[in-house]
1. Amide H neighbours of Ile262 under 5 Å, at least 5 residues apart or on other chains, H built in the peptide plane: list them.
2. How far is helix 104-113 tilted, in degrees, relative to the longest principal axis of the Cα atoms in the chain, given as a value from 0 to 90 rounded to the nearest 10?
3. Picking from Val59, Asn159, Ile198, whose Cα lies most toward the positive end of the charge dipole for the range 3-276 (charges on Cβ: Lys, Arg +1; Asp, Glu -1)?
4. Could you compute the longest span of the chain free of chymotrypsin sites (Phe, Trp or Tyr not before Pro) located in DSSP loops and having at most 14 other Cβ atoms within 10 Å, not counting the site residues?
5. Would you mind computing, in nm to one decimal, how far apart the modelled labels at Ile61 and Ala47 are, each placed 7 Å from Cα along Cα→Cβ?
6. For a quick check of your reading of the filter: which GluC sites (Glu not before Pro) in the range 107-196 sit in a DSSP loop and have no more than 16 other Cβ atoms within 10 Å?
7. How far, in degrees from 0 to 90, does helix 150-161 lean away from the longest principal axis of the Cα atoms of the chain, to the nearest 10?
Amino acid sequence: MANVCVITGGGSGMGLETARNIDKNTILVLTGRTVEKLEKAKVILEAEGHEVHLIAGDVSIRKDVHEFCLLAAGMGTIKTVIHSAGLSPTMAGPEQIIRVNAVGTKNVNMEFYKYMNDGGVIVDVASSSAYQAPKLLVKHQIYEKAEYEEDDFVRLLLNEANLVKDEYNRSGMAYVMSKNFVTWYAQKCAHEYADKGIRVVSVSPGLIETGMGTQEAEAKFAQEMIAQTCEHRMGKPEELGYAIATIADERNGYLSGIDILIDGGASTGKKFRKKEK
């Protein structure tokens, strides 16, 4: 049977660029909420020699994710799942961000696990913002509720975000907490899925020149992050796409249960630039 790679949020940005780096002998299944984006991505990828199939849906809805699984499983062996779908603070309010970013990750991992076997890999895309989560608000007992007490999980995580005063910053905190959850949950899944031969990794990009990233770059905090990178710039989608596809490659069989931070050195820049002064 043919190998299948499923990419959520595959219609644009990092998802699309990752698809471009997947082996052309692998069938691509792209998912997303916007049909127009998916169709444009299909044209690009087919012109480059890929076999591409599309399915629209929302990762925050468990039934939609189940439909993704059924489509992919009907085409071959689901070997790779790249979960790059997500929302930023400029795109939605706190609850929707939590449902798409955090609940969506739970849905993708739990559903695809059922259809994957030895040699499979799940790469969950988080964010360097995950490392900005206030330690006092990171409560793993809340994260533990995600799988089987979803409503309580959302409510409690939303309570954490609502500690911030204004609406935009509440969305920002929801984003930070949801992505911190992604890094934690990927590690949890890596240890639980290992008996089935499935590895799970999360990737935390810094600011990337996608539509989402460009909007975020206008904020003062984002400008400070860019200034702390080694090359004083945002990352390029094609750079992240190549990195994610490489991480997913089966030759990286010992790479599991860890978050990979790809932020151009922004996380270390403050420390070392102080020394330069």
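1. Ser204, Gly206
2. With rounding to tens, the tilt is 30 degrees.
3. Asn159
4. Counting only loop sites that pass the neighbour cut-off, the longest clear stretch is 1-147.
5. Taking the two extended label points, one gets 3.1 nm.
6. Details: sites: Glu111, Glu144, Glu147, Glu149, Glu150, Glu160, Glu167, Glu192; in loops: Glu144, Glu147, Glu149.
When the GluC sites (Glu not before Pro) of the range 107-196 are filtered for loop state and at most 16 Cβ neighbours within 10 Å, Glu144, Glu147, Glu149 remain.
7. 30
Any read-out appearing in this document is the output of simple, stated calculations on the displayed coordinates, not a laboratory observation. Every value quoted in this text rests on a predicted model; they were computed, and no experiment measured them. Reconstructed Cβ throughout: ideal geometry from the backbone, glycine too, with neighbour counts over all protein chains shown.
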